[in-house]
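Comments concern the structure below.
Just so it is clear, none of the values below were taken in a lab; they were calculated from the coordinates. Computed from a prediction, not measured in an experiment: that's the story for all the values here. Counting neighbours? That spans all protein chains shown, and the Cβs are built from the backbone with ideal geometry, glycine included.
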Amino acid sequence: MANIKSAIKRIQISERNRLRNKSYKTAVKTLMKKYFDAVRQYAAEPTPEQMALVEERMSSAYSKIDKAVKRGVLHSNTGARKKARLARVLKSSTQGAAQQA
């Protein structure tokens, strides 16, 4: 444990920031998983209701990724990569659904 007052404060600040960053990262992962599940369900049974759910989940995931980038939790390229991955999954699943129809 640090003895110097400024070092103690830095430890407290870094712990606070670590917990905040962790909450953003886990929220992004959770929203991405929910989105992937929605896309999987849409690919199995393409209905307008399923597509609306996919778009809602995509919007919430994009929003959380953008907020994490804005707060400095994620690097901007990491955020862009995650958003591109979400879009790529939807595109591949809709192409598969279109070919089946």
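Lysine pair count for the range 34-101 (Cα-Cα distance under 20 Å; residues 8 or more apart in sequence or on different chains): 13.
Restricting things to alpha carbons, find the Rg to Rh ratio for the chain using the Kirkwood radius for Rh.
1.21
Rounded to the nearest 500, what is the 222 nm mean residue ellipticity of the chain from helices alone, with -39500 (n - 2.57) per DSSP H run of 4+ residues and division by all residues?
On the way: 3 runs with 89 residues, N = 101.
The helix contribution divided over the chain gives -32000 deg cm²/dmol.
Partner aspartates and glutamates whose Cα lies under 20 Å from the Cα of residue 33, excluding those fewer than 8 positions away in the same chain, are identified as 45, 49, 55, 56, 66.
Quote the relative contact order of the range 34-101 in percent (integer), defining contacts as alpha-carbon pairs under 8 Å separated by 6+ residues. Mind showing how you got there, number by number?
Working: 37 pairs, mean separation 27.0, N = 68.
About 40 percent, as a whole number.
Working from Cα pairs under 8 Å separated by at least six residues, relative contact order for the range 1-69 is 34 percent.
Excluding residues fewer than 8 places away in the same chain, name every one of the lysines whose C-alpha is closer than 21 Å to that of residue 5. Of all the lysines, none pass the test against residue 5 - Cα under 21 Å, at least 8 places apart if same chain.
Placing +1 on the Cβ of every Lys and Arg and -1 on the Cβ of every Asp and Glu, with nothing else charged, gives the chain a dipole about its Cα centre of roughly 940 debye.
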